[in-house]
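Quick notes on the structure that follows.
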Amino acid sequence: MTMDRTKRYWGTLGLAVFFGLMGYVLNVSLFLLPVGILLGWLLMLEFLFRSQVVAIIDAVSVSYALSQDTIQTNQQVGITIEIQNIDDVGLQLTLSSNYPDVAVYSQSSSSKTLATDASMDSLKLDYHFPFAGNYTIGPASITITSTYGFFEATVGASNTVSVTVEPEDTDSMHIGKGGNQFATGLGDHGVENAGEGTVPAGIRTYMPGDPASRINWKATARLNEVYIREFETETVRPLAVLLDRRQSSQNTLYENPVEYRRDIAISLVSEAETHSDPVGLYDVDTTQMEASQQLSAGRSQYIQLRRQLYNTVPVSGSEMGAETTQTAQSTVDTNRAVTRLRTDQSAFGTKLSPFLRGSTTTTHQVEGSPLMQTTQTYLKRQRGNVRVAILCDDQRRSELYETAKLAGQLSQEVMVFITPTVLFESDDIAAIDNVYARYSAFERYRSQLDTLENVTAFEVTPGSKLQSIVEQDGNEIQ
């Protein structure tokens with residue numbers, strides 16, 4: 001609970017001070033009488049208000065109702081917050097929803113002054129979420145205003161409600177090159193758009209009748225002769241996802257570049273699960289990296305990676321000390337449960353066991369260049385043709401360039417999804433100095449990555465902001 005003294009309180013206190021100063025300057029003791037009356041009155045009101053707040057906390061109860069607890073991105077969810085036992089309170093109550101910052105709220109206000117002449121009142125709201133994940137709504141807060149408006153106390157409810165947002169598509173963001181949208185879905189991304197079920201098998205000289213879409217432009221430019229890519233059918237396409245969750249120096253909560261990258265990672269894992277492709281996740285935070293022990297197409301692997309990616313608040317360096325003990329204890333408890341369920345053939349045991357097969361990830365502290373360290377440590381261990389997806393921003397360009405170069409040497413298909421810092425710095429795109437020049441510089445950098453062997457680099461941006469840049473300048477991105 002937090003309690004604040006309002007402007008009216010400080011105005012009344014100022015009046016008492018004024019009378020006190022007048023009595024001191026004029027040496028008239030009669031002025032001390034209103035000083036004593038005002039101070040005593042304020043103290044009595046504060047004591048009474050604190051008692052009323054305690055009584056209200058004990059009496060009222062708050063509950064939530066969701067129209068549905070699982071939705072898709074940008075799908076609206078209705079939330080009703082109900083508060084009971086508010087009759088005979090005698091004070092003004094205001095209920096606030098405290099919805100997640102990332103949620104998009106369409107109504108004019110997320111709070112409501114309650115009618116205290118009834119025993120129950122409610123606040124009804126509609127939200128939608130632009131990114132997939134597990135989100136906690138609440139706890140709602142109740143602001144209590146004292147008689148005469150001298151004090152305000154804010155009390156948080158003890159309960160919350162959760163909603164799971166599943167990925168639907170990436171239409172709300174721009175994924176492409178040089179301002180041009182990449183039309184196909186994430187599952188079809190690959191070097192020269194190889195498509196699902198095929199992997200590069202080499203190159204050969206062009207022959208009449210070969211489709212132009214299979215021309216390897218990089219090899220053609222290097223060897224001064226037209227070459228095309230050859231592909232072979234593959235039943236599975238293993239995927240390693242390197243997700244950089246390090247925050248940019250500036251961003252807005254709604255247009256957070258980390259959320260864009262996390263959303264793409266969720267879509268990549270979902271696409272891998274659809275085709276039963278082995279997948280692994282390497283989740284890099286400020287000083288910590290959580291890595292899949294192996295690439296797997298097992299059900300427990302998909303469950304674990306979804307749980308990890310749906311966590312919208314990854315562990316940061318300042319929180320690691322507190323988390324270490326909890327994680328260790330959680331692992332012990334999970335392993336005990338696994339042992340008990342291993343021989344449990346009941347419907348309950350069969351249903352629960354995929355969720356409790358022990359941790360499929362390991363956590364390590366990282367320093368220096370986390371992306372490069374992760375690539376050197378884990379991708380070199382992989383055997384066969386493993387696709388690689390790198391999701392990061394452009395603040396550490398040298399680190400990203402060397403990582404993409406190394407990944408291209410280890411894999412025949414590397415996809416780099418970059419969130420340009422320039423497009424996540426301000427709500428007002430027109431207020432950013434030289435924004436077009438900075439975006440053009442980013443595009444030149446992205447093009448350099450795109451020329452690396454086996455590497456295809458994409459920009460991931462808020463579509464509306466990119467459109468503003470293009471319309472503002474009126475020229476093509478150079």
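Listing for the model above:
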| quantity | calculated |
| --- | --- |
| Set 464, 468, 426: member being under 15 Å from residue 175 (Cβ atoms) and either at pLDDT below 75 or in contact with a His (Cβ under 8 Å, 6 or more places away or on another chain) (or both) | 464 |
| Residues being outside any strand (DSSP E or B), of a type outside the set (Phe, Trp, Tyr) and either out of contact with any Pro (no Cβ under 8 Å at 6 or more places or on another chain) or closer than 17 Å to residue 311 by Cβ (or both) - total across region 146-170 | 8 |
| Sole exception among (1) farther than 22 Å from residue 395 by Cα; (2) outside any loop (DSSP other than H, G, I, E, B); (3) at pLDDT 85 or above for residue 283, by number | (1) |
| Strands (runs of 3 or more DSSP E) (entirely within region 76-145) containing at least 1 residues that are touching a residue at least 60 places away in the same chain (Cβ under 8 Å) and under 29 Å from the mean Cα position of the chain (by Cα) | 77-84, 133-137, 141-145 |
| Region 1-22 - residue that is loosely packed, with under 15 Cβ neighbours inside 10 Å and without any contact (Cβ under 8 Å) to a residue 40 or more places away in the chain and, of those, nearest to residue 158 (Cα to Cα) | 7 |
| Residues of region 378-395 that turn out to be in contact (Cβ under 8 Å) with a residue 24 or more places away in the chain and surrounded by fewer than 18 Cβ atoms within 10 Å (Cβ to Cβ), as a count | 5 |
| Selection count where residues are within 26 Å of residue 298 (Cα to Cα) and modelled with pLDDT of 85 or more, scope region 377-413 | 11 |
| Odd one out for residue 47 among (1) out of contact with any helix residue (DSSP H, G or I) (no Cβ under 8 Å at 6 or more places or on another chain); (2) surrounded by 13 or more Cβ atoms within 10 Å (Cβ to Cβ) | (2) |
| Residue 160 being more than 23 Å from residue 70 (Cβ to Cβ), modelled with pLDDT of 85 or more and among the polar types (S, T, N, Q) | no |
| All positions within region 251-260 that are surrounded by fewer than 24 Cβ atoms within 10 Å (Cβ to Cβ) and at pLDDT 85 or above | 258, 259 |
| Qualifying residue in region 95-104 (condition: in the same structural domain as residue 156 (by TED's automatic domain parsing), buried (at least 17 other Cβ atoms within 10 Å of the Cβ) and out of contact with any Ser or Thr (no Cβ under 8 Å at 6 or more places or on another chain)) | yes |
| Tally of residues being surrounded by fewer than 24 Cβ atoms within 10 Å (Cβ to Cβ) and more than 17 Å from residue 374 (Cβ to Cβ) across region 270-287 | 8 |
| Subset tally (residues that are in a helix (DSSP H, G or I) and polar (S, T, N, Q)) for region 45-75 | 2 |
| Among residues of region 105-134, those that are surrounded by fewer than 16 Cβ atoms within 10 Å (Cβ to Cβ), among the aliphatic types (A, V, I, L, M) and in contact with a strand residue (DSSP E or B) (Cβ under 6 Å, 6 or more places away or on another chain), counted | 2 |
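The values are calculated or read from the model by the stated rules, or taken from the named source; none is laboratory data. All of these numbers come straight from a predicted model, not from anything done at the bench. Reconstructed Cβ throughout: ideal geometry from the backbone, glycine too, with neighbour counts over all protein chains shown.
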